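Okay, structure first, notes after.
Rule-based calculations on the coordinates, nothing more; no lab input. Fair warning: this is a prediction, and the values are worked out from it, not measured in the lab. Reconstructed Cβ throughout: ideal geometry from the backbone, glycine too, with neighbour counts over all protein chains shown.
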Amino acid sequence: MSGATQTAALPIARRRKKIRISQIVLVAITLIFLVLTLYPFFMMLVRSVKSLPQEMYDPNTLTFPFQWENFSEAWGLIDESILRTFGVVILITAGLLLVASLTAYGLTRYRIPGKGAIVIAFLAVMMVPSSLTLIPQYQLVVVNYGMAGTWQGIILPTIAGALPMAIFLIRTFFMGLPNEIYEAATIDGCSNLRMYFSIALPLSLPILATQGLLTFMSSYNDFLWPYLIMQSSEQYTISALLVRLTRTAATTQNGYMGVTIAGYVLASIPLLVLFVICNKQFVKGITSGSFKM
Amino acid sequence: MREGIAEGVPAEAEESVQGAEAAASSPAVRRHGPLWKFCFKKYQIQGFLWLIPAAVLLVMFSVIPIVWAVIYSFTDWGFLSTVSFIGFENYGIVFGDSLFWNSLLNVILFTVCGLLLGNVAALALAEMLYNYASEKLASKMRFGFLLICAVPSVVSLLVWSKVIFLPTGGSATGVMNGLLGLFGASGTDWYLSNDPNIVRLAIVFTGFPFMGGTSFLIYYAGLQGINAEVIEASKLDGLGSFMRVFRLDFPYLRGTIKYFLVTGLIGGLQNYNIQVVLELSNEAAMVPGYYIYLTGLSSSFRNDEIDVLGGMGYACAMGMIMFLITLVLTILQNVFFKSKEDEA
């Protein structure tokens, strides 16, 4: 503790030097951890370009020449699935944002009887663990609604699962919008539907973008529900298909993993691109406190 | 303290919520004439129209499954063609089911280890970045650690199982077994090992060094919220930067840490991601979520040690017990938080 007072007494030049050394150590330690964090994914890249003999004799080092054909072969296996996943994920994101913002608007702009109870009911649904509801939900969607193997069988339950949280977030944001804007619009003869589209939605673009980004990523990642609902690998979304390809690699590829791992790389690219573009939005959304409730 | 970390946004918003609701529900309008007319004056029933889409979706896909789960936990729904009520029989079987209780112990172990390791790592990373002299460099590093978020979670699990923790006996050697080989040790089968402790070790260490992800971001943002004058004052009082971490930063982040521990505990108890993706159904790796999933949905899975009348009914009963456990934890957490906040 007395170290700080001592350094304060030192000549400025020496103080600067001391700071720099501790900074170098700090950066070095962070770099080591960064390398450790990224290492599995670096190995994924290394493994994705290995041929069968390279994989058998030199699995853990970089080997030349690269077998780029793995990527074209993997793309042939997953191309349809990636496109399908984009369709499903975009519909989920758009549907969730629409339904959640409609609900949030109704809850903030109207005097509804039992509003507090409704909000608590949303929270209560959110609290129930998915392991309790998974089995009845599966039976209901597959047997009673007959949605097995359909897009709506994935889309609608996923939206329903993410709704309470999204309503909560967007509602909090809507309540922060000043009432005077709505009053002015009402005086100008603006209908509620119009106010929703031309006041509430445009003003809450930041929260909608954040929620949309997170929904997009989590539904792209979702493996279990599409795996259960879709009945063959021709219908799987990408995460489910990757798991299936990995499980069947022992028979279809004779245990050779190069093509499958190239598939992992290809499947990671869309989210990576999205993340690099939306990095700032993502960081802001996570740290704004809105996700901590 | 928590409000400070969250930049004041949720706290203020929360207050205004309660304020608005109190104003709406206060009996400011005096009742004249018939009840329905009164209702239309005081309330805006047409507001319900906005809630219809969400209500339909939630009832169809969330509420009915909850109701079914409760009802069917008292039946032999599953292997038989008819469904009949069997009272508390399923619950009685759960209490004698050693696999269920072992899986509960497993999930507690995984969750507690994961929470400790994950939060220590996230805090350490946030502290390191916070102490960077150059903000530019810190934001570059932050980007590097966040890159992991962009990798699909399934891919990340598959990479750990097919590249790092690859078992012996396959055509290729995994990274960990290769590393052990460098030290002259023989490799093991990790996730598929016969030794339960190695299986558990592999599961706990999946994701090492636990720094990628978003929780460090929230800690980092919390640290950035510390008033510069407070830090200046601590320097004048002769607090070194190492001591500052423990004396100033950690107390300041206490609310965030508590929040992560509580939500992590509740979420972790339900988690069975790694089990379902890697099909880890041996007893050492089993967790309740996956046991429920297998009992209710997998036709090939039977636990021969217990005599269950119906798979799905039994799965619902186990789900109910997990639900009760999380409910108790949530209530405890609320009581705990409330009393702590009153003290402060």
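Here is how the numbers come out for the structure above:
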read-out	value
q = 0.08 Å⁻¹: log10 I(q)/I(0) that the Debye formula gives for the protein assembly as shown, counting C-alpha atoms only	-0.69
Which of B:50, A:75, A:68 has the fewest Cβ neighbours within 10 Å, and the rest in rising order	A:68, A:75, B:50
Placed amide H near residue A:111: partners under 5 Å, 5+ positions off or other chain	B:44
Derived scalar couplings ³J(HN,Hα) [the range B:101-118; Karplus, 6.51 cos²θ - 1.76 cosθ + 1.60; whole Hz; x for Gly, Pro]	5, 4, 5, 5, 4, 4, 5, 5, 4, 4, 5, 5, 4, x, 5, 4, 4, x
CD proxy at 222 nm, helix term only [per DSSP H run n ≥ 4: -39500 (n - 2.57); per residue of chain B; nearest 500]	-20000 deg cm²/dmol
Amide N of the range B:99-130 lying under 11 Å from the label point, which is placed 7 angstrom from the Cα of residue B:325 along Cα→Cβ	B:100-111
Formal net charge of residues neighbouring residue B:92 (Cβ-Cβ distance under 14 Å; K, R +1; D, E -1)	-4
Over the range B:42-148, equivalent-ellipsoid semi-axes from the Cα gyration tensor in Å	45, 31, 12
Top of A:258, A:106, A:189 by mean-square fluctuation, Gaussian network on chain A, Cα under 10 Å	A:189
From phi via Karplus (6.51, -1.76, 1.60), per-residue ³J(HN,Hα) for the range B:219-229 in Hz, x at Gly/Pro	4, 4, 4, x, 4, 5, x, 5, 4, 4, 5
Tail weight of P(r) past 30 Å, computed on alpha-carbon pairs of the range A:73-287, percent	36 percent
Theoretical FRET efficiency, 1/(1+(r/R0)^6), r = Cβ-Cβ of residue A:124 and residue A:22, R0 35 Å, to 0.05	0.10
Amide H partners (placed H, <5 Å) of residue B:75, local residues excluded	B:86
Chain B shape via C-alpha gyration tensor axes, a/c threshold 1.5	oblate
Space enclosed by the convex hull of the alpha-carbon atoms of the range B:67-204, per residue, Å³	224 Å³
Residue-by-residue Karplus 3J(HN,Hα) for the range A:177-186, coefficients 6.51, -1.76, 1.60, Hz, glycine and proline x	6, x, 5, 4, 4, 5, 4, 4, 5, 4
Computed E for residue A:73/residue B:56 - FRET, C-beta separation, R0 60 angstrom, nearest 0.05	0.85
Ascending count of other beta-carbon atoms within 10 Å, so fewest first, for B:56, B:262, A:259	B:56, B:262, A:259
Cα convex hull of the range B:229-344 - mean projected area over all directions, nm²	11.3 nm²
Ascending count of other beta-carbon atoms within 10 Å, so fewest first, for A:182, B:191	A:182, B:191
Shielding by partners - mean other protein chain Cβ count within 10 Å, residues of A:101-111	6
Approximate spin-label separation residue A:247-residue B:306, in nm, with each point projected 7 Å along Cα-to-Cβ	2.3 nm
GNM top mover of A:191, A:51, A:101 - chain A, alpha-carbon springs below 10 Å	A:191
